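Let me begin by presenting the structure, written as structure tokens, before commenting on it.
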Amino acid sequence: MTMGTALIYDEEMTKYKLLWVDPACKIETPERLTVSHGALVRTGLADRCVSVPVREATDADVLLVHSEEYLEAVKKTPYMSLEQLMEFTLQYGDVYFHPNIYHCAKLAAGATLQLVDSVMTRRVRNGLALVRPPGHHSSTSAANGFCVFNNVAIATRYAKQKYGVKRVLIVDWDVHHGQGVQYAFEDDPSVLYFSWHRYEHQKFWPNLRESDYSSVGKDKGAGFNINVPWNKVGMKNSDYLSVFCHLLLPVAYEFCPDLVLVCAGFDSAIGDPEGHMCATPDIFAHLSHLLMNLAEGKLCLVLEGGYNLTSLAQSVCQTVHTLLGDPAPQPANLQGPCESALESLHCARSAHKPYWSCLKHAADKPSDLSTQYVQTEEQRSEEHNGSEQTEEGEQEVKAEEVVWAEPPKRSTPPLRTAVVLPEGAACPDGCEPISSSVDPSALVVSQLGEKFLREADERDALTALCKLLTLLGKMEKNEICNGLALVHDVATAMTCAVQHCGGNSLTNRVLIVCVGDAVLPSPITEDGKTLVVHIGSKEIKDQKSKYYIPVCLKKGCSDVTGFMQAVLGLLLPLGYQYDPSLVLLVWMPDCGVCEGVWQQLTGLLQGLAQGHTLVLMQENEKASVDVTASCLLGNPAACLGPLDAPLPEDVETLERLRLRLQADWNLLQTTAPESRGDEEH
Ligand code: X5A
Ligand code: ZN
């Protein structure tokens with residue numbers, strides 16, 4: 001099963017621009033599209049996508065979200081004079097009209113619908129629509145923030161109506177709050193809207209009370225609107241990943257969408273004159289990757305903002321690489337979230353505690369963090385001095401002057417997945433068997449034999465270990481991305497792999513994820529060369545280590561909810577912060593993990609170590625080889641279905657672990673330091 005990535009673009013959408021002077025609107029230029037598309041063409045990414053034509057949204061499409069009066073009013077704009085256009089524009093905030101914008105707005109909405117059609121009919125797996133004008137600020141009867149029609153909101157209603165989609169997740173990673181999307185689905189529990197946005201206690205545009213974390217949705221839709229307001233600029237990769245791991249992903253997995261739409265604004269990246277954030281373009285590779293195993297991979301990205309042309313083009317390329325299945329780059333220097341981000345995360349988690357069982361254990365909002373921002377005397381006088389204008393001006397120059405390293409070229413190994421299988425076992429489709437003719441040197445063989453095998457005649461076991469080392473060698477040389485080995489004894493194979501890695505610079509940090517109970521053969525080291533996360537059902541008492549993390553689930557690995565909580569809230573943040581060069585994923589015999597969870601784990605872990613994952617399984621697990629290989633090949637995992645509440649014992653176990661480890665691994669933090677006092681022991 002290989003399915004492509006759609007790219008939907010039409011030059012026509014570059015054919016409108018601001019015709020008068022308006023400082024608020026001058027950043028929304030046709031070059032935003034030409035530069036993004038140009039970068040995709042130049043890097044060869046566009047050629048690897050399935051090019052899908054745009055279409056015009058019909059009146060009926062537009063009316064799924066907008067009022068007839070508004071549509072009729074916009075329809076007249078192509079015939080207006082410059083003066084009439086300026087006058088028409090005045091009734092809305094931070095937007096401009098042009099004789100051709102109505103045409104482009106119909107194409108932008110239509111492009112989004114074409115993307116939804118392509119994904120829902122499975123002609124492609126996922127895709128990106130590069131559109132102008134953007135959509136997420138426009139509401140039923142108003143243009144706003146460069147947006148005319150709400151592309152993603154229209155597409156959501158369209159998907160529900162045409163394909164009977166039951167649950168849609170909308171992830172709005174644009175740096176602005178998509179208030180138009182929030183308004184459209186506030187009372188609708190079938191649409192989960194998540195947005196993070198620059199807020200600064202309501203001082204940042206669009207300055208709405210309802211952008212705060214306290215807007216959780218209304219009536220039946222309570223709990224289905226998630227706002228994470230950023231109250232400081234300069235948010236980094238850690239801040240974004242932290243919110244994904246500790247809020248968005250747990251809720252998204254509990255919700256279990258049939259379709260994921262992304263309001264993909266890249267003004268949340270470094271260098272943007274609007275956002276003033278510091279996340280680097282490669283973060284979008286990870287944000288995309290983390291969403292790709294939801295909804296069986298049905299993921300539609302739609303361009304919203306992004307105003308630094310360099311940053312925008314790089315972010316778009318990073319995103320498309322990931323949609324195409326290329327391994328993500330290692331996210332550099334994740335030092336953990338900042339205090340202000342933790343405060344926002346804490347407040348948002350606490351606001352959603354009543355609605356999501358994955359957040360049942362979240363700490364309550366600290367009482368000193370009031371919803372309302374109280375302006376200090378100093379801030380008030382600053383504003384009165386009119387210093388805001390100057391300050392803005394200065395910051396704008398600064399944002400444009402920020403420099404960052406261009407993301408490294410993403411090299412895809414010539415071979416994605418190699419397998420080591422016992423004699424006679426069928427090689428899964430799309431994988432390459434490691435051939436037995438590649439014999440490691442006699443020395444290695446004799447060492448292996450001596451170290452790992454008691455019985456001298458276990459020839460087959462020895463051959464498998466030799467092949468395993470060959471496979472690791474090829475992964476180190478980046479000739480192979482990942483692999484799977486069915487071995488006679490996983491414990492021996494694991495030891496063998498770890499010892500092999502020890503002397504190698506490319507595998508100087510190995511994340512070992514053990515699923516199931518078994519005595520670990522390898523000595524646990526404190527030198528940081530390995531980080532072991534061991535998920536099972538046997539309690540391992542008095543653990544103090546930073547590098548050995550046993551997670552004991554009451555019902556063991558067969559418990560879907562408990563396992564996913566551990567993966568999203570513990571393993572992923574640990575993995576990201578550890579930044580391994582290799583992931584060793586070990587299926588212990590009889591661990592009882594269910595297939596869907598195993599697929600999710602395999603898929604999610606590939607965001608680490610540039611996708612270098614080696615899976616070890618015991619010979620008798622033949623039945624699971626095909627699904628595992630499929631995930632290693634980049635196919636999306638199966639859906640788990642909406643998740644139940646976790647067992648209280650497991651919640652407690654995971655919380656205890658998180659509290660123990662959060663000082664060493666600060667990507668595990670979910671609250672700001674000052675409010676943490678009473679929960680630390
Ligand atoms: C789509 C988008 C931003 C509008 C900013 C107006 N709009 N100050 O990013
Ligand atoms: Zn924006």
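The values are calculated or read from the model by the stated rules, or taken from the named source; none is laboratory data. Note that the coordinates shown come from a computational prediction; the quantities given were computed from them, not determined experimentally. When we count neighbours, we look across all protein chains shown, and the Cβ atoms used for this are built from the backbone with ideal geometry, even at glycine. Please note that ligands, DNA and RNA were not included when accessible areas were found on the heavy atoms of the full protein model with its side chains. Shrake-Rupley method; radii C 1.70, N 1.55, O 1.52, S 1.80 Å.
At a glance:
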{"quantity": "By average C-beta atoms within 10 angstrom, highest first, the peptides 193-206, 401-414", "calculated": "193-206, 401-414"}
{"quantity": "Residue-span extension gain [Asn100 to Asp219] - 0.36 nm each, minus C-alpha spacing", "calculated": "38.9 nm"}
{"quantity": "Calculated FRET efficiency for the pair Val50/Ala332, C-beta based, R₀ 25 Å, to 0.05", "calculated": "0.20"}
{"quantity": "Percent carbon-and-sulfur accessible area, the chain, ignoring ligands, DNA and RNA, probe 1.4 Å", "calculated": "50"}
{"quantity": "DSSP-assigned coil residues among trypsin sites (Lys or Arg not before Pro) in segment 518-595, each with at most 10 further Cβ atoms within 10 Å", "calculated": "Lys541, Lys544"}
{"quantity": "Segment 480-599: C-alpha pair distances exceeding 25 Å, %", "calculated": "18"}
{"quantity": "Value of relative contact order over segment 1-132, rounded to a whole percent, pairs C-alpha under 8 Å and six or more apart", "calculated": "44"}
{"quantity": "For the chain: relative contact order, % (alpha-carbon pairs under 8 angstrom, 6 or more apart)", "calculated": "12"}
{"quantity": "Whole-angstrom gap from segment 26-92 to segment 95-134, using each part's C-alpha centre", "calculated": "8"}
{"quantity": "Peptide ranges 566-574, 53-61, 75-83 listed from the most packed, as the mean C-beta count within 10 angstrom indicates", "calculated": "566-574, 53-61, 75-83"}
{"quantity": "Interchain or long-range residues, amide H under 5 Å from Glu432's placed H", "calculated": "Thr417, Ala418, Val419"}
{"quantity": "5 angstrom amide H check on Val487, placed H, neighbours 5+ away", "calculated": "Met617, Gln618, Glu619"}
{"quantity": "Nitroxide proxy distance, nm - points 7 Å out along Cα→Cβ at Lys555 and Thr525", "calculated": "3.8"}
{"quantity": "Pair Leu19, Lys541: separation of 7 Å Cα→Cβ label points (nm)", "calculated": "8.0"}
{"quantity": "Residue-span extension gain [Leu647 to Met3] - 0.36 nm each, minus C-alpha spacing", "calculated": "228.1 nm"}
{"quantity": "Total formal charge among the other residues, if their Cβ is under 14 angstrom from that of Glu254, Lys/Arg +1 and Asp/Glu -1", "calculated": "+3"}
{"quantity": "Under 5 Å, built H, 5+ apart or other chain: amide partners of Gly93", "calculated": "Gly145"}
{"quantity": "Links that overshoot a 19 Å alpha carbon limit, given the list Lys298/Lys622; Lys365/Lys555; Lys360/Lys546; Lys166/Lys360; Lys26/Lys398", "calculated": "Lys298/Lys622; Lys365/Lys555; Lys360/Lys546; Lys166/Lys360"}
{"quantity": "Residue-normalised accessible area of the chain, given per residue in Å² at a 1.4 Å probe", "calculated": "38"}
{"quantity": "Cα→Cβ-extended label distance, 7 Å offset, between Thr29 and Lys622, nm", "calculated": "6.3"}
{"quantity": "Prolate/oblate/rounded call for segment 190-320, Cα gyration tensor, a/c under 1.5 rounded", "calculated": "oblate"}
{"quantity": "C-alpha center-to-center spacing [segment 602-671, segment 559-573] in angstrom", "calculated": "6"}
{"quantity": "Extended-chain gain in nm, criterion 0.36 nm per residue less alpha-carbon gap, Glu595 and Glu200", "calculated": "137.8 nm"}
